[in-house]
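Here's the structure, in structure tokens; my notes come after.
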Amino acid sequence: MPDPKSALAKHPFFAGIDPAIVETLAECAHGVSFPAGQFLAREGEPASGFFLLESGTVALELHRPGRMPIVLETLREGEVVGTSWVIAPYRWSCDVRAVEPIEGIAIDARCLRGKSESDPQLGYELLKRFLPLFVQRLEAVRLQLLDVYGESPA
Amino acid sequence: MRAADPFVPSLFRVERVSRETADTITLALSPTQGTPPAFLPGQFFMLYAFGIGEIPVSVSGLSGEGPLLHTIRAVGPVSQALCQLEAGDVLGARGPYGSPWPLAQAAGSDLLLIAGGLGLAPIRSALLPALAERERYGRIALLCGARSPEGLPFGPEIGRWRSQPDLQVEVTVDHASPAWRGSVGVVPSRIPYARFAPERATAFVCGPEVMMRFTALALLGAGVAAERIFLSLERNMKCAFAVCGRCQMGPTFVCRDGPVFPYSRIARLLSLREI
């Protein structure tokens with residue numbers, strides 16, 4: 001299981017971050033691992049944190065009664081899983097399933113939100129890193145909705 | 001091979017038909033007289049289904065190695081007619097037309113080949129010569145996107161490419177069930193997975209225009225220079241030699257000045273909904 005502090009410092013999501021902030025983040029972090037098939041999170045459950053993937057792949061899924069779930073996106077090493085912890089009411093908006101065995105870092109949201117309230121620099125740093133993630137994923141969903149590979153008039 | 005009247009096609013015979021997906025086939029074509037015409041990767045031919053009409057179709061194979069290969073998806077009257085052809089049938093073809101992928105210009109750089117859907121056909125025409133002269137390039141990465149796993153053309157060949165140690169292959173689909181073991185996500189979001197040095201990379205992109213616009217922006221964000229990003233456009237090409245104006249895009253004609261353009265030249269035009 002990865003050491004949280006060194007893993008945080010090396011993870012692409014926190015590239016170039018102030019080492020003092022890494023120290024703070026590490027106080028809210030711990031290493032995690034999940035076998036293939038296990039759920040890291042379930043839709044509607046409290047979003048108690050987020051994950052930095054070190055290895056393995058997860059699928060973000062929406063389940064449908066009586067039908068196969070839909071895979072919205074897959075994420076793998078170097079990526080961040082979980083944005084619901086940022087916005088109230090802090091609930092996961094989809095299921096997160098380990099497609100392959102996962103090694104990573106879990107960051108506790110309550111701990112991080114508390115530290116961010118008392119340390120605006122930390123909160124601002126997190127906002128600067130999560131806001132582009134929101135935008136990227138919104139654009140990706142728009143492209144998926146466009147169904148660009150559908151029929152053309154040619 | 002050009003007839004005296006540039007609108008008159010030459011006759012080609014279907015040598016074989018390969019099924020790629022449920023609605024997509026590859027035709028292998030040989031002229032009824034003479035040898036297959038030479039072409040450059042990225043160029044296109046106008047294929048004529050007799051009595052129905054013509055459409056532009058990029059070449060998907062190598063020049064000088066047997067029949068012309070054209071990969072076609074049945075989406076309109078002409079393409080549906082072409083997809084119903086069988087070995088031995090005859091069709092019309094004229095070409096080649098348009099600007100090629102700038103493979104010579106890309107020599108010495110990392111090569112990023114990015115395809116969406118049937119865009120893999122013209123991208124294949126660049127990948128094959130690049131692999132044939134592998135030493136001319138740095139790292140080569142192929143990133144393929146499709147609507148679903150079933151919509152991915154050249155499936156068996158992609159499997160063979162995956163086993164090549166000097167070629168990185170990433171496949172992603174927009175929609176999949178949990179049975180799909182591969183990547184799910186749109187093409188631009190997968191660019192960070194490709195291994196390349198942005199300051200020495202050249203990117204060739206082909207796919208639906210919306211996908212290419214967002215992919216180009218993602219490449220710029222990754223540090224690839226606009227003049228080293230090349231897009232292959234598909235507009236409403238009819239004459240194929242800049243006479244009819246159907247494919248005009250601002251001051252350019254896609255059939256004559258393209259279909260392959262540097263992004264630096266067309267970025268502004270792509271953002272204009274009026275054209």
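The values are calculated or read from the model by the stated rules, or taken from the named source; none is laboratory data. This one's a predicted model, so the numbers in the text were calculated from it and none came from an experiment. Glycine gets a Cβ as well: all are built from the backbone with ideal geometry, and neighbour counts include every protein chain shown.
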Notebook entry, point to check: Would the range A:36-50 turn up any residue that is farther than 28 Å from A:E117 by Cα, touching an Asp or Glu at 6+ places or on another chain (Cβ under 9 Å) and not in a loop (DSSP other than H, G, I, E, B)?
Noted result: yes
Margin query: Show me the helices (runs of 4 or more DSSP H) entirely contained within the range B:146-261 in which 2 or more residues are within 20 Å of B:T71 (Cβ to Cβ).
Written below: B:155-162, B:209-222, B:254-257
Item checked: Leading residue by the ranking (surrounded by the fewest Cβ atoms within 10 Å (Cβ to Cβ)) among those in the range B:40-59 that are more than 15 Å from B:P77 (Cβ to Cβ) and more than 14 Å from chain A (Cβ to nearest Cβ) -> B:L40
Item checked: Failed condition for B:E170, given (1) more than 11 Å from chain A (Cβ to nearest Cβ); (2) without any contact (Cβ under 8 Å) to a residue 40 or more places away in the chain; (3) in contact with a strand residue (DSSP E or B) (Cβ under 9 Å, 6 or more places away or on another chain) -> (1)
Next item on the list: Select from the range B:73-106 the residues that are hydrophobic (A, V, I, L, M, F, W, C), touching a strand residue (DSSP E or B) at 6+ places or on another chain (Cβ under 6 Å) and farther than 24 Å from B:T21 by Cβ and list them in ascending order.
Entry: B:V90, B:A106
Notebook entry, point to check: Given (1) at pLDDT below 95; (2) hydroxyl-bearing (S, T, Y); (3) under 20 Å from B:F45 (Cβ atoms), where does B:S232 come up short, assuming only one miss?
Noted result: (1)
Next item on the list: List every residue pair whose Cβ atoms sit under 8 Å apart, with the two residues 6 or more apart in sequence or on different chains, where the first one lies in the range B:174-193 and is more than 17 Å from A:D147 (Cα to Cα) and the second, anywhere, is hydrophobic (A, V, I, L, M, F, W, C) and modelled with pLDDT under 90.
Entry: B:P178/A:M68; B:A179/A:M68; B:G182/B:A176
Next item on the list: Report yes if some residue within the range B:73-85 is at positive phi and of a type outside the set (A, V, I, L, M); otherwise report no.
Entry: no
Note to self: If A:G78 meets every condition in (1) within 12 Å of the chain's Cα centre (by Cα); (2) buried (at least 20 other Cβ atoms within 10 Å of the Cβ); (3) facing chain B (nearest Cβ under 8 Å) apart from one, which number is that one?
What the structure shows: (2)
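For (1) more than 13 Å from chain A (Cβ to nearest Cβ); (2) at positive phi; (3) over 17 Å from the mean Cα position of the chain (by Cα), each residue gets a yes or a no:
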{"position": "B:G151", "(1), (2), (3)": "no, no, no"}
{"position": "B:Q164", "(1), (2), (3)": "yes, no, yes"}
{"position": "B:R181", "(1), (2), (3)": "no, no, yes"}
{"position": "B:F196", "(1), (2), (3)": "yes, no, yes"}
{"position": "B:P208", "(1), (2), (3)": "no, no, no"}
{"position": "B:T215", "(1), (2), (3)": "no, no, no"}
{"position": "B:A218", "(1), (2), (3)": "no, no, yes"}
{"position": "B:G221", "(1), (2), (3)": "no, no, yes"}
{"position": "B:R228", "(1), (2), (3)": "yes, no, yes"}
Checklist line | Single residue of the range B:250-268 satisfying the filter (out of contact with any Phe, Trp or Tyr (no Cβ under 9 Å at 6 or more places or on another chain) and at negative phi) that is surrounded by the most Cβ atoms within 10 Å (Cβ to Cβ) | finding: B:G258
Checklist line | Failed condition for A:A47, given (1) over 18 Å from A:P4 (Cα atoms); (2) under 12 Å from the mean Cα position of the chain (by Cα); (3) within 14 Å of another protein chain (Cβ to nearest Cβ) | finding: (3)
Item checked: Total residues in the range B:230-246, condition within 12 Å of another protein chain (Cβ to nearest Cβ) and crowded, with 22+ Cβ neighbours inside 10 Å -> 2
Note to self: Given the criterion closer than 27 Å to B:A146 by Cβ and at pLDDT 95 or above, identify the matching residue among B:V254, B:V205.
What the structure shows: B:V205
Margin query: Please pick out the residue among B:G119, B:G108 that is in contact with a helix residue (DSSP H, G or I) (Cβ under 9 Å, 6 or more places away or on another chain), of a type outside the set (A, V, I, L, M, F, W, C) and within 13 Å of another protein chain (Cβ to nearest Cβ).
Written below: B:G119
